[in-house]
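For reference, the structure discussed in these notes is given below.
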Amino acid sequence: MKKSAAIHKAPQKKPAAVSVALDQPGIPALDFGSAWEYSAAPESTSVTVQDRYELFIGGKFVRPKSGRYFQSVNPATEKPLARIAQANAADVDSAVKAARKAYDGVWGKMSGRERGKYLFRIARMIQERARELAILETMDGGKPIKESRDVDLPLVAAHFFYYAGWADKLNYAFPGKSARSIGVAGQIIPWNFPLMMAAWKIAPALACGNTVVLKPAETTSITAMHLAQIFQDAGLPDGVVNIITGVGRTGAALVEHPDIDKIAFTGSTDVGKKIAAAVAGSGKRLTLELGGKAANILMEDAPINQAVEGIINGIFFNQGHVCCAGSRLLVEESVYPQVLRRLRDRMRTLRVGDPLDKNTDIGAINSREQLNRICELVDSGVEEGAELFQSPCALPGSGYWFRPSFFTGVTASHRIAREEIFGPVLSVMTFRTPAEAIERANNTCYGLSAGIWTDKGSKIFKMASQLKAGVIWANTYNKFDPTSPFGGYKESGFGREGGLHGLLPYVVLE
Ligand code: ADP
């Protein structure tokens, strides 16, 4: 049975769930009952959003030379939040000059011990202001407050703490070698984890003695500017971190600037390829963290309820706006009906709505463009013959929303099995043998992450060694830690962030 994904364009309508072959005898439906009906619990802490955010260059908030600003909207309400400065090439040049001056004059010469003190101070100040930052992150990006509060912000602080610890120990990180900083790093980040991506990039760069020009994504610039206030309040020397806001052109101007020594980019594979072409032959160092199409492999011996919970987390966490999202589920054929039924029952209990409500599981899609992209791909899945199931949950009247969904009857050639959806949409497929599971999981141009669910440790090790993915989770999913490196194979990019490996892109070893 098919159903058009066009229902998303009329978010008020409740779609009737499409029935996939789930109702086999012997598999009782899970009765979640009324225990799952909660009252609203909106976040009550108030925060101040400025009307306008300037650029952060040379330790000061400055008006853009371009004289231009663009609007940032709250994706859950479509209401304007703030006007954001739009940096042009002249602004980028000022930021790079400020970063160079700070590198040559102060930061490049400072001892690791002193650099570490600044980073520890910044980490503590992030912790102190974590609630405010989490609320702003949720308002600007649409992610549920329970994620920004309990996942993003603790990890942001943890990354600064972790790399603060390395600042005076680089000789232990690379025994027998001397680690020297590179210079000025240009860093471009996406909108799915705005502060976390900023921390992943800024903390190791600074720990190694480099200075930074950071460009946040156009739809999520606000928290980066509040982070800039923390840098100012922490007394970080002027120009060590500069933050320039703007659209893709601003990022391109940063990539092309001749006085940049290294580019670190997280974002789409298409833009990553453009950046790789732009820096080719320039001598600039480059790391790319790009898209993904991760497979979660569920073996018949896995604890099914736990696995379903992890799979739900893997794809619906942060609305599926996660490059390592487990957007393909490969289920061993013998447990397929059981898994599908559990998945459907659990999805029906997910609460979609106000991201500032502490009970919300799935927040707003980050932007109208992203919502359109998700709808277009889901429509293609229906047109190509896959069967769509969607949670019948109610959606708010305004804002950008997408119901948690999964497809069955998916073949490897369907676009929904090949292309990154970056939304709460799962493609479910089956396999009969571990070898088939590996072949299907690796049948993608990406290789960022994968998941294995099984009761047997030996299967985990055997399968993990055959999966072509940079990060492999076993019996869990989407777990991050600053000590653990993250990065991809194939078109998911190259270079690692996090852990000791995350220092490598920011040092020259002699
Ligand atoms: P996503 O698909 O996650 O929206 P993009 O790759 O479009 O990611 O954007 C990620 C970041 O790259 C954003 O900060 C965006 O402004 C920036 N960007 C977009 N186009 C370019 C470009 N041609 N050169 C450099 N940066 C770019």
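Worth pointing out:
- Heavy-atom surface of the chain, accessible at 1.4 Å and reported per residue (Å²): 38 Å²
- Helix 112-128 axis versus longest C-alpha principal axis of the chain: approximately 50°, rounded to the nearest ten.
- Cα pair distances exceeding 17 angstrom across the stretch 324-463, given as percent: 64 percent
- When each of the peptides 468-475, 310-317 is scored by how many other beta carbons lie within 10 Å of its residues on average, the order from highest to lowest is 310-317, 468-475.
- Exposure rank, largest accessible area first [Lys262, Lys459, Lys109; 1.4 Å]: Lys109, Lys459, Lys262
- Kirkwood Rh and Cα Rg combined as Rg/Rh, the stretch 385-510: 1.03
- Cross-link reach is defined here as a Cα-Cα straight distance under 22 Å, omitting same-chain residues fewer than 8 places apart; for Lys273 the lysines meeting it are Lys201, Lys215, Lys262, Lys284, Lys293, Lys468, Lys490.
- In degrees, nearest ten, helix 336-348 long axis to first principal axis of the chain (Cα): 60 degrees
- Nearest 10 degrees, 0 to 90: helix 368-383 Cα axis against the chain principal axis: 30 degrees
- Selection from Val335, Gly353, Asn372, by position along the positive dipole direction of the stretch 326-372 (Cβ): Val335
- Sum of side-chain charges, Gly488 neighbourhood, beta-carbon under 13 Å (Lys, Arg +1; Asp, Glu -1): 0
- For the chain, the Cβ-based charge dipole about the Cα centre amounts to some 900 debye (Lys, Arg positive; Asp, Glu negative; other atoms uncharged).
- Each Lys or Arg adds one and each Asp or Glu takes one away; over the other residues whose Cβ falls under 12 Å from the Cβ of Leu350, this sums to +2.
- Helix-only [θ]222 nm of the chain, DSSP H runs n ≥ 4, -39500 (n - 2.57) each, per residue, nearest 500: -10500 deg cm²/dmol
- Percent accessible area from carbon and sulfur atoms, the stretch 138-290, protein chains only, probe 1.4 Å: 55 percent
- Residues whose amide H lies under 5 Å from that of Asn443, counting only those 5 or more places away or on a different chain, are absent; hydrogens are built 1.01 Å from N in the peptide plane.
The values are calculated or read from the model by the stated rules, or taken from the named source; none is laboratory data. Note that the structure is a prediction, hence the values are computed from the model and not measured. Note: ideal-geometry Cβ built from the backbone for every residue, glycine included; neighbour counts use all protein chains shown. The protein model used for the area step is the full one, side chains on, heavy atoms only, and it has no ligands, DNA or RNA in it. Shrake-Rupley method; radii C 1.70, N 1.55, O 1.52, S 1.80 Å.
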